[in-house]
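See below for the structure under consideration.
The values are calculated or read from the model by the stated rules, or taken from the named source; none is laboratory data. Remember, it's a predicted structure, so these values are computed and weren't measured experimentally. All Cβ positions, even for glycine, are placed from backbone atoms using ideal geometry, and neighbour counts span all protein chains on display.
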Amino acid sequence: MKGIAARVDKWLLAHQEKVLGWRRHLHSHPELSHMEYETTEYLEETLRAHGLTPVRFPGTGLMVDIGPDSPDRLAFRADIDALAVTELTRLPYASAVPGVSHSCGHDVHTTIALALACALAEQADTLPQGIRVIFQPAEEVMDGGATDVIAWGGLEGVGSIFSLHVEPKLKVGKVGVRTGAITSAADVLRIKVSGPGGHSSRPHLTNDVVYALSSLVTQLPALLSRRIDPRTATVLVFGSLNAGYAPNAIPESGQLTGTVRTADIATWRILEELLEELIAQVLAPTGCAHELAYQRGVPPVLNDDVATALLADAARSIDPQAVVQAPQSSGGEDFSWYLEHVPGSMARLGCWSGEGRMGDLHQGDLLVDERSIGVGVRLFASVVEQYSEGTGTGASSGGFLT
């Protein structure tokens, strides 16, 4: 590395124990979406201690600008919220909050962004490019805190934005990149079905709600698969069916809930209308009425091709063998809202130690190899250098965050 990236690398090696302390503090003090008050306070105190002037968002979360006040700042986003999942790792710094944990790795994302900001603060006067680091609340809930950040001016003056997400299916040191959709749109639907109920000995005098709901469960996903191009990776899955209370009584109403996901943004825009049409077709023979409550979540994260190429070059500047092709995920991620406004890219950051079984996100036993923190900081530092100067080659130095 040289220039900006080399100075960040030097800072990281000198402060690696402090950086690990940040991560372990955040990990042991997780907070749910829109409740990240202590996390926001901790981040603000740390940033101010390193000479920065963060701006808090209404409620929770904050952002900080570093370097010159350029009209096309380079932005980095980290999500700061945790999940309502009990931690099972038994780590000495495991969650101290019952039923809440950083089982999606947001503590790692936050630590990487915090370390980047503090490292760049020491060279702020020499930066050729303005930098903004966004610590976003509420990524884990519909429709995500990103829309709030945008409304609060988080993208004003930003020319491009980058983020990363830990990936326990990749070995530490590997960086997964992908042009185009790297995540999926994720919407929630609730279908209420109603009709005259009655005794199960006389079903012909009723509109059988349970039968109608069952028809939707079996037929709606199949019909959708015949109306949508299968290459769009569109999938409808029901998670709950509730109706009735007695074995010999046909209820007057019942409800289905589920999710529909797609990797194609054009498909996402027509799904609600199409599902309304198909539901009516399935229920027509039953005589039952229905109400569809459709909650749009987030669009797919569509990585810009130029930004993704820059991200890949940044990863190769750390390790020529670091870059791998990231698979397209069916999960939702509200980083997509930023990319509706400015170009950018999200990377998958390998966090598996290479020993034992690979874990999974949103699970209480998720283990993150902390060496991935150093990889993430160096990756972002290299992005800064390449974005600003078109440079950034060589290998990183040693150290346990390497």
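Just wondering, is there one or more residues in region 39-53 that are in contact with an Asp or Glu (Cβ under 8 Å, 6 or more places away or on another chain) and among the aliphatic types (A, V, I, L, M)?
No, region 39-53 contains no residue that is in contact with an Asp or Glu (Cβ under 8 Å, 6 or more places away or on another chain) and among the aliphatic types (A, V, I, L, M).
Kindly indicate whether any position in region 224-233 is of a type in the set (S, T, N, Q), over 14 Å from Lys192 (Cβ atoms) and touching a Pro at 6+ places or on another chain (Cβ under 9 Å).
First, the residues of region 224-233 that are of a type in the set (S, T, N, Q): 225, 232.
Subsequent filtering for residues that are over 14 Å from Lys192 (Cβ atoms) retains 225, 232.
In the following step, the residues that additionally are touching a Pro at 6+ places or on another chain (Cβ under 9 Å) were identified as none.
Checked against the condition, which is being of a type in the set (S, T, N, Q), over 14 Å from Lys192 (Cβ atoms) and touching a Pro at 6+ places or on another chain (Cβ under 9 Å), region 224-233 yields no hits at all.
Do any helices (runs of 4 or more DSSP H) lying entirely in region 300-399 carry at least 3 residues that are at pLDDT 95 or above and of a type outside the set (Ser, Thr, Tyr), and which ones are they?
On the way: elements: 305-318, 336-339, 371-389.
Hits in region 300-399: 305-318, 371-389.
Among the residues of region 145-175, which ones are more than 30 Å from Ser353 (Cα to Cα) and of a type in the set (Gly, Ala, Ser)?
Pass one, region 145-175, residues more than 30 Å from Ser353 (Cα to Cα): 145-160.
Hits for region 145-175 are Gly145, Ala146, Ala151, Gly153, Gly154, Gly157, Gly159, Ser160.
Among the strands (runs of 3 or more DSSP E) lying completely within region 121-186, list those that include at least 2 residues that are surrounded by fewer than 22 Cβ atoms within 10 Å (Cβ to Cβ) and in contact with a strand residue (DSSP E or B) (Cβ under 7 Å, 6 or more places away or on another chain).
Details: elements: 131-136, 158-171, 175-177.
In region 121-186, the matching strands (runs of 3 or more DSSP E) lie at 158-171.
Kindly evaluate Pro327 against the criterion of being of a type outside the set (Val, Ile, Thr) and within 14 Å of Leu349 (Cα to Cα). Reasoning before the result, please.
Details: of a type outside the set (Val, Ile, Thr): yes; within 14 Å of Leu349 (Cα to Cα): yes.
Yes: the conditions hold for Pro327.
Of all residues being without any contact (Cβ under 8 Å) to a residue 12 or more places away in the chain and more than 30 Å from Gly180 (Cα to Cα) in region 242-299, which is surrounded by the most Cβ atoms within 10 Å (Cβ to Cβ)? Just the residue, please.
Once the filter is applied, the top-ranked residue is Ala280.
Assess whether Glu291 counts as being assigned by TED's automatic domain parsing to the domain that holds Thr218 and out of contact with any Lys or Arg (no Cβ under 8 Å at 6 or more places or on another chain).
Values: assigned by TED's automatic domain parsing to the domain that holds Thr218: yes; out of contact with any Lys or Arg (no Cβ under 8 Å at 6 or more places or on another chain): no.
Criteria not met by Glu291.
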